[in-house]
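Step one of this worksheet: look at the structure below.
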Amino acid sequence: MVTISSLVLAFACYSFLGWVLEGTVLSWYQRRLINPGFLTGPFVPIYAVGALGIQVCTAGLHDSPVLVFVIGTAVATVVEFIGHLLLQRLFGLVLWDYSGRVGSIQGRVCLLNSLGFGVAALAVVYVLDPLLQQALAALPVLWAVALASALATVFIADWGHSIVSVLRVRPEIRAFQGSLTRLRDQIDHQLANLGTEFDQARSRRHARLLQHSRNTIARLEAAFPGGRTNWLSEIAPLAGEEVPPGAGDGAQRSPRQAASAD
């Protein structure tokens, strides 16, 4: 029987496996250890959403690997498209871009990735999920509830921290359109020149805000090497948030980094 605890634990496992997969690929390309994903912890939830969505949509169809492949491809592609769209609409961030690839749709998804998701769906349905269900069945109920509660708490805290961190960078994102590398360099330049424009107390506060923004952008830049800002004009500012004149207009986009094209 599916319980809330088993769902939370399955979500955590697939999120962690997604983190391992993306981290391995990124670390290999960049020749250094990378913490991938939007969150700060070792989880990439979009993989869990895709994996659980595939299992729901292929329930009762496990006798047909072809159907599992086709449905898994479709489900994972929709999840990736929606995830990309939400990141851009809510935060003004384009963290991956498949423009120019075969079967690309608005740069959000592409054919090769979608086919890879279909293969991953077969692995999830026929290999990973049976193993995971065996492990969960062997776990005592009290242990399962305690572990699920702890992981849910970590997830909520990490989501809250990550979202607040990015929302605090919205003024910089609204005022700039280009690669995350260029945005970080721009913030570094502001930090270097800070000191004479404000009184001492206000200068220190402004420096702390800029340093926080710089750290957030640097983390996202490392996790998404080809990431950039691309603010949509229809996104409404937060209450009390100032919109710089011409924000998002006329800024030149930098060429995509090689890592995003591989």
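The values are calculated or read from the model by the stated rules, or taken from the named source; none is laboratory data. The structure presented is a predicted model; accordingly, all values stated were derived computationally and were not measured. Neighbour counts are summed over all protein chains in view; Cβ atoms, including those assigned to glycine, are modelled from backbone coordinates with ideal geometry.
Taking the options Phe43, Phe16, Phe11, name whichever one is more than 15 Å from Asp129 (Cα to Cα), buried (at least 17 other Cβ atoms within 10 Å of the Cβ) and of a type in the set (Phe, Trp, Tyr).
Sole residue among the options that is more than 15 Å from Asp129 (Cα to Cα), buried (at least 17 other Cβ atoms within 10 Å of the Cβ) and of a type in the set (Phe, Trp, Tyr): Phe43.
Out of everything in segment 85-133 that is surrounded by 13 or more Cβ atoms within 10 Å (Cβ to Cβ) and among the polar types (S, T, N, Q), what residue ends up being nearest to the chain's Cα centre (by Cα)?
The residue in question is Gln88.
Scan Leu147, Leu151 and give me the residue that is touching a residue at least 60 places away in the same chain (Cβ under 8 Å) and surrounded by fewer than 18 Cβ atoms within 10 Å (Cβ to Cβ).
Just one listed residue meets the conditions, Leu147.
Out of Gly100, Gly116, which single residue is under 14 Å from Val79 (Cβ atoms) and either at pLDDT 95 or above or assigned by TED's automatic domain parsing to the domain that holds His62 (or both)?
Gly116
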